[in-house]
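*Asks:* What follows is a single structure, and I will ask about it in a moment.
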Amino acid sequence: MEALEFVRSHHDKFLQELKDFLRIPSISTQAEQASDVRRAADWLRDRLLEAGFPVAEVIDTTGHPVVYAEWMAAGAEAPTVLVYGHYDVQPPDPVELWDTPPFEPTVVGDDLYARGASDDKGQLYAHVKAVQAFRGTRGAPPINVKGIFEGEEECGSPSLEPFIREHAERLEADLALISDTGMLGKDTPSIVYGLRGLAYVEVEVTGPDHDLHSGIYGGAVLNPINALCAMIGELHDEERHIAVPGFYDDVRELSAEERAELEAVPFDREAWLEEAGVTTDWGEAGYSILERTWARPTLDVNGMWGGYTEPGAKTVLPSKAFAKISMRLVPDQDPERIADLFCEYFAGLAPRGLDVDVHALHGAWPVLVDRESVAMQAASRAYAQAFGKEPVLVRGGGSIPVVATLQSVLGLDTLLMGFGLPDDRLHSPNEKFHLPNFYRGIETIIHFMDGLSRSSLKGE
Ligand code: BES
Ligand code: MN
Ligand code: MN
């Protein structure tokens, strides 16, 4: 196919462009970076126009802007795919642990190191280049392509649902397509058919109404940090199940068949331990590592603070202690209900005299997508063509809030075609994208769009 040749003769150009994208520190959670987030949106719009999209615009929201693009290249009879991606990135901290500067993209061997390289700028950009390859060879893509690229994914997508509701008509499509997940290994292509949901809460506990001298009062006044630690200790039982009453009520248990399937997924425990930098695994009794991370709900403290944390010793009995706690959810758990159950249980754990404030920050529904769909079959063929190997069906442990929103608001099914690798270090220092996956990702998308144009997706 000529479009593939086009990609192969433009590797260096595409890489240089991706590096330009990665130089923009579009950190959505930090207010000081708002102008950089917008700069990334403008940059992306310009590249979409260059790739041939006749419509590409930056649309304001109450938060960071959405970049919308549209190319109805193939007529009303042809399928329309809505590509989603996020151009915002996580903060780079702790910056001192990076071997190369997070916003100075650096190629080492086959890998491109930078914040956002894999999550999600590199994966998003593969779609832009796939469309451009069609434009450079056939004049236009063989299907209709719409794009919605948000700048708030890493902070819970607060403006996205209102945006999708408001622009529902414009966003009409037959299928949503997202590259924001990973594959099992560089030579083991896989397609994710399920994602976990999320309920994120913040807790604040207050003891004395001001900090106290720990020598004068210590031992006779309840220390809120000590108390918070004890409360957190009550969140799991001795078998590492989550102790919040009602937490598992809506959990869909794995069928024997799915357990056997997960068991058959090629999984290298030693490599996994090494990637995680740990010497042993941990988790809910009775479940394997893949089951625990893909198909079981979890609860983790993401951060905890209070009292004196500067260098040296200060003898103080603090007034307050805080924690941020996330729960990963699986079908059919409802993020709001889980947050409510947590709040109720947590408040009840407080010893007398401790004031507890718990509030939910944001949530995402867990999702499972149809594994038998026409689109899924086209995706399987596309991976096989680009990687020379049939993909394995897997689940992902992370969350992409838009997937459930697209389903509930637009009735759209999503296909998750990820090109990340397990050692990409998403959200961590030294994030990277494996460049062969960038190029093969573009080729996979080309095969997919080409295959879809000949499929019966429209008539389903
Ligand atoms: N791309 C990730 C989600 C992901 C990673 C899914 C790996 C499957 C495998 C996404 O950018 C992300 O980090 N999402 C957040 C959710 C959000 C509400 C902050 C997450 O999962 O923590
Ligand atoms: Mn992502
Ligand atoms: Mn992310």
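*Asks:* Give me the helices (runs of 4 or more DSSP H) completely within region 226-330, filtered to those with at least 2 residues that are surrounded by fewer than 16 Cβ atoms within 10 Å (Cβ to Cβ), ordered by residue number.
*Replies:* Once the helices (runs of 4 or more DSSP H) in region 226-330 are filtered for at least 2 residues that are surrounded by fewer than 16 Cβ atoms within 10 Å (Cβ to Cβ), what remains is 256-264, 269-276.
*Asks:* Here is a further query. Condition check: within 16 Å of ligand 2 (Cβ to nearest atom), within 16 Å of Arg23 (Cβ to Cβ) and either touching a Leu at 6+ places or on another chain (Cβ under 7 Å) or not basic (Lys, Arg) (or both). Does Tyr113 satisfy that?
*Replies:* So Tyr113 fails the test.
Per-residue answers, yes or no, for (1) within 16 Å of ligand 1 (Cβ to nearest atom); (2) of a type in the set (D, E, K, R); (3) in contact with a strand residue (DSSP E or B) (Cβ under 8 Å, 6 or more places away or on another chain):
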{"position": "Val409", "(1), (2), (3)": "no, no, no"}
{"position": "Leu412", "(1), (2), (3)": "no, no, yes"}
{"position": "Gly420", "(1), (2), (3)": "yes, no, yes"}
{"position": "Leu435", "(1), (2), (3)": "no, no, yes"}
{"position": "Leu452", "(1), (2), (3)": "no, no, yes"}
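*Asks:* Continuing with the same structure: Suppose the filter is open to solvent by 10 Å² or more (accessible area, probe 1.4 Å), within 29 Å of Asp423 (Cα to Cα), in the same structural domain as Gln407 (by TED's automatic domain parsing) and within 16 Å of ligand 1 (Cβ to nearest atom); does Gly109 pass it?
*Replies:* no
*Asks:* Which residue is farthest from Val55 (Cα to Cα), if the candidates are limited to region 146-180 and must be open to solvent by 20 Å² or more (accessible area, probe 1.4 Å), out of contact with any helix residue (DSSP H, G or I) (no Cβ under 8 Å at 6 or more places or on another chain) and in a loop (DSSP other than H, G, I, E, B)?
*Replies:* Pro158
*Asks:* Something else now. Are any of the residues in region 367-377 away from ligand 2 (no atom under 16 Å from the Cβ), assigned by TED's automatic domain parsing to the domain that holds Gly451 and at positive phi?
*Replies:* no
*Asks:* Would a scan of region 404-417 turn up a residue that is at pLDDT below 95 and of a type in the set (D, E, K, R)?
*Replies:* There is no residue in region 404-417 that is at pLDDT below 95 and of a type in the set (D, E, K, R).
*Asks:* Quick check on region 128-144: of everything there that is open to solvent by 10 Å² or more (accessible area, probe 1.4 Å), within 21 Å of Asp46 (Cβ to Cβ) and not charged (D, E, K, R), which residue is farthest from ligand 2 (Cβ to nearest atom)?
*Replies:* Gly139
*Asks:* Right, next: Which condition breaks for Gly312 when tested against (1) away from ligand 3 (no atom under 16 Å from the Cβ); (2) of a type outside the set (Lys, Arg); (3) at negative phi?
*Replies:* It is condition (3) that Gly312 fails.
*Asks:* Can I ask one more? Test of understanding: among Leu416, Leu393, which residue is out of contact with any Asp or Glu (no Cβ under 7 Å at 6 or more places or on another chain), within 16 Å of ligand 1 (Cβ to nearest atom) and open to solvent by 20 Å² or more (accessible area, probe 1.4 Å)?
*Replies:* Result of the check over Leu416, Leu393: Leu393.
*Asks:* If you don't mind, there's one more thing I want to ask. Considering region 422-433 alone, what residues qualify as being at positive phi and either in contact with a strand residue (DSSP E or B) (Cβ under 8 Å, 6 or more places away or on another chain) or assigned to a helix (DSSP H, G or I) (or both)?
*Replies:* Arg425, Asn430
*Asks:* How many residues are over 20 Å from the mean Cα position of the chain (by Cα) and either β-branched (Val, Ile, Thr) or over 15 Å from Thr298 (Cβ atoms) (or both) when one looks only at region 342-370?
*Replies:* Selection size over region 342-370: 17.
*Asks:* A follow-up question, please. So, in region 195-224, how many residues would count as being open to solvent by 80 Å² or more (accessible area, probe 1.4 Å) and part of a strand (DSSP E or B)?
*Replies:* Number satisfying all stated conditions: 1.
*Asks:* Filter region 436-460 down to the residues that are open to solvent by 10 Å² or more (accessible area, probe 1.4 Å), in contact (Cβ under 8 Å) with a residue 40 or more places away in the chain and assigned to a helix (DSSP H, G or I) and list them by number.
*Replies:* Pro436, Tyr439, Arg440, Glu443, His447, Asp450, Gly451, Ser453, Leu457, Lys458
*Asks:* List the residue pairs whose Cβ atoms are under 6 Å apart, where the first residue sits in region 1-23 and is under 15 Å from Asp450 (Cα atoms), the second is surrounded by fewer than 16 Cβ atoms within 10 Å (Cβ to Cβ), and the two are 6 or more positions apart or on different chains.
*Replies:* none
*Asks:* Over 22 Å from Tyr308 (Cβ atoms) and touching a His at 6+ places or on another chain (Cβ under 7 Å), is that true of Ala243?
*Replies:* Answer is yes for this residue.
*Asks:* Quick one: which of Ser157, Ser179, Ser118 is at positive phi and within 17 Å of the chain's Cα centre (by Cα)?
*Replies:* Among Ser157, Ser179, Ser118, only Ser157 is at positive phi and within 17 Å of the chain's Cα centre (by Cα).
The values are calculated or read from the model by the stated rules, or taken from the named source; none is laboratory data. Everything numeric here is computed off the predicted structure, so don't read it as measured data. Heads up, the Cβs are rebuilt from the backbone with ideal geometry, glycines too, and the neighbour counts pull from every protein chain shown. When the accessible area is computed, the model is the full protein with side chains, heavy atoms only, and any ligands, DNA or RNA have been set aside. Shrake-Rupley method; radii C 1.70, N 1.55, O 1.52, S 1.80 Å.
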